[in-house]
Amino acid sequence: MKTKKWLYLLLACAIVLSVAGCGGGTGGQSATTTAAAAEATTAAAAATTAAATTAAAAAADATTAAEIEAEEDPYPGQKTFHIVARMQGNDRTEGDYNQKELYRLAEEETGIHIEWDTVLVGTEDDRMPILLASDLPDAFMFLVSENHILKNPELFASIEGIMRENCPGLVAGYDTIPNFWEMMRFPDGNMYSLPTGFSLSYENDPEGIIYINTQWMDTLNLEFPNNTDEFYDLLVAFRDGDPNGNGLADEIPITFQASGWVGGILYYANPWGIAGRGSSDASAYFKVENSKIVPNINTAEFRAYLEFMNRLAKEGLLDVEGFSQTGAQQSSKIEEGVVGMYSGWLPGGERVNYYKALPPFDAVGFEGQYKHHGQYQRFRGMRTSFTITTDCNDPANLLRWWEFCNKDTKMRYIGRYGAEGILWEMREDGKIYTIYEDGPEGMGREDMKYTYGLVDGGPLILPSEPEINDPEKYPDSIHREYACDTYLGYYMDEFLPIRFVDPEKNTEKSFIETEINEYMKEFIATSITDTIDDSKWEAHLSRLQSLRMDEWLQWYQDFVDGKF
């Protein structure tokens, strides 16, 4: 800055010398005239010098102030951006996201103002094609899908290089997540989005859990089974021992909901080592073992499972209505007090105190193979939540704004749940604890979460920042966690990598997979409710080949091998 001031002063001196030079006399003038002229010239030069110096100094000061301001502003550039975001139906802000504490603090600190438009959840499938075909906003929040980007990459800014240059804090946080950059790059090598939500979620790891009525067990003096023989005996006792004490033979030892989120029939295949990487039955049709894709649906274990379940169905120990019943129908049976066990997320109300997680047990003849659905420490982030479009004129400054929103643990939880002290708190140990207290009249916990915060649409919670339930302060909050503890050490060891796939390759897989899934759903149902014998099993194996099972498995093998 000082150098530029001296340059301006030198310029002033040059002006003065120029003016003085113009006052040189001519040979025809008298000495008196010449002296007078010189005196006038000197006075003019002095005045010019003062004016020039003042002007130069003012210009230097103005330039210096502007440069200092630019250097001191960590968010130089565009100060207003337009973002379109998805809004939950129970969000009471009515689309004014600047009411949310995260964005209020972000604007206060960065000077960056966001003009928000919102799309109500449930309408995004209709709205997004229109939005993508119109003048684009600067960014989308919690609206863009993987396929939107894969099919329209020219609409989205490639942000990895910009982020690495401008947002070291954001990069450092992402570096703590295993395989983060590989998960986030698209097939063309570019990174078009940033994730939101929880990076990990212990309570989601086991997906569905089989809950057994321990009141019935206590009434009948039963213990948890160690193998399928003992499991069968327990179910018979449930059926015949009138454990609900109403004098009626109305007990349903097992019910399920095949179409439910975490209610599938293959949760009961876990003792045979058959377990899904996700919540659906279809996710259990194969496994990854020693980096190889290995089918589950043509094995001796799978047949033994079907035969066991067929026996349960024939003897009235399994509710075969589970293949078609709705969630409401299943819930009605549970509330009537006639159900011995079922799979789900967590029992409701008082039932959480006596429906407990069914511990792992062996299948006779296949000992030591038990595996539970789910995956330990699976990445749970919403990978395409925050996307910047190619219509944004200053993606670097918008990324700096997002970096501020992610600046530390507190800010990330402000983004998820709103201001500290309502739904969460950071205690002296530096850990985040959930608060379960009544909110304003007419607002339940879910209303508060989506009104004050963004929940899974907020900044990504890093692996080192889990949300903790306090069993002493809120004993009812810990039931799911205790249930999840039951299955630690019983998950599969290997899983499919998380990676974006080109739409054409996905189409190749889906063309085969859709038919296989439909066939398997029907085959499992009829094998359990009707019969499973040598003839049917051989027909099954033949049918899998005609459905191109080998080609389908090879697609996944190529995916694991990184061929696409």
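The values are calculated or read from the model by the stated rules, or taken from the named source; none is laboratory data. Computed from a predicted structure; not experimentally measured. With ideal geometry, Cβ positions are generated from the backbone for all residues, glycine too; neighbour counts draw on all protein chains shown. We work out accessible area using only protein heavy atoms, side chains counted, and drop any ligands, DNA or RNA first. Shrake-Rupley method; radii C 1.70, N 1.55, O 1.52, S 1.80 Å.
Each residue of the range 436-450 is assigned a 3J(HN,Hα), and the resulting list reads 10, 9, 5, x, x, 4, x, 10, x, 4, 5, 4, 5, 4, 7 Hz, derived from the Karplus form 6.51 cos²θ - 1.76 cosθ + 1.60 (θ = phi - 60°), x at Gly and Pro. Here the 3J(HN,Hα) profile of the range 117-128, calculated from phi with Karplus coefficients 6.51, -1.76 and 1.60 at θ = phi - 60°, is 10, 10, 10, 5, 3, x, 10, 5, 4, 7, 7, 4 Hz, Gly and Pro shown as x.
From the Cα gyration tensor of the range 103-163, with a ≥ b ≥ c the square roots of its eigenvalues, which class applies: rounded if a/c is under 1.5, or else prolate if a/b is larger than b/c, or else oblate? Verdict is oblate for the range 103-163. Candidate values (1) 23.4, 83; (2) 27.1, 89; (3) 34.7, 140 were compared with Rg and Dmax of the Cα atoms in Å computed on the shown model; the agreeing label is (3).
Expressed to the nearest 5 percent, the antiparallel share of DSSP beta bridges inside the chain is 55 percent. The GluC sites (Glu not before Pro) found in the range 87-139 that occupy coil by DSSP, while having at most 16 further C-beta atoms within 10 Å, are E94. Amide H to amide H distances under 5 Å link D117 with I83, V84, A85, where only residues 5 or more positions off or on other chains count and H is placed in the peptide plane.
When the solvent-accessible area of the range 524-564 is split by element, carbon and sulfur atoms take up 46 percent of it, the probe being 1.4 Å.
For W424, the residues whose amide H sits under 5 Å from its own are I435, ignoring neighbours fewer than 5 places away on the same chain, with H placed 1.01 Å from N.
Placing pseudo-labels 7 Å out from each Cα toward the beta carbon at K473 and E335 gives an inter-label distance of 3.3 nm. Between the range 398-419 and the range 275-352, what is the separation of their alpha carbon centroids in Å? So the separation of the two Cα centres works out to 40 Å.
Annotation for the range 377-474: trypsin sites (Lys or Arg not before Pro) lying in DSSP loop with at most 13 further Cβ atoms inside 10 Å of their Cβ are R427, K473. In order along the range 234-245, the phi-based Karplus estimate (6.51 cos²θ - 1.76 cosθ + 1.60, θ = phi - 60°) of 3J(HN,Hα) comes to 4, 5, 4, 5, 4, 5, 9, x, 6, x, 7, x Hz; Gly and Pro are listed as x.
Surface analysis of the chain yields an accessible area of 47 Å² per residue, using protein heavy atoms and a 1.4 Å probe.
The fraction of accessible area contributed by carbon and sulfur in the range 452-508 is 49 percent, rounded to a whole number (1.4 Å probe; ligands and nucleic acids excluded).
Against the chain, whose longest principal axis comes from its Cα atoms, helix 534-546 is set at around 20 degrees. Close amide-amide hydrogen proximity is noted between I432 and I468, each under 5 Å apart and 5 or more residues distant or on a separate chain (H modeled in the peptide plane; Pro and chain starts excluded).
Each of E107 and D73 was given a label point 7 Å from its Cα along the Cα-to-Cβ line. The distance between the two points is 1.7 nm.
Between the DSSP loop rule and a limit of at most 13 other Cβ atoms within 10 Å, which chymotrypsin sites (Phe, Trp or Tyr not before Pro) in the range 204-235 are left? Taking the range 204-235 and a limit of 13 other Cβ atoms within 10 Å, no loop chymotrypsin sites (Phe, Trp or Tyr not before Pro) are found. Taking a Cβ cut-off of under 13 Å around D362, the surrounding Lys, Arg, Asp and Glu residues balance to a net charge of -3, with basic ones at +1 and acidic ones at -1. Of interest is the spacing of the C-alpha centroids, which for the range 223-253 and the range 83-116 amounts to 54 Å.
Taking every alpha-carbon pair within the range 427-564, the share separated by more than 26 Å comes to 58 percent.
Would you mind telling me the share, in percent, of accessible area of the range 328-450 contributed by carbon and sulfur at probe 1.4 angstrom? After summing per-atom areas, the C and S share lands at 43 percent.
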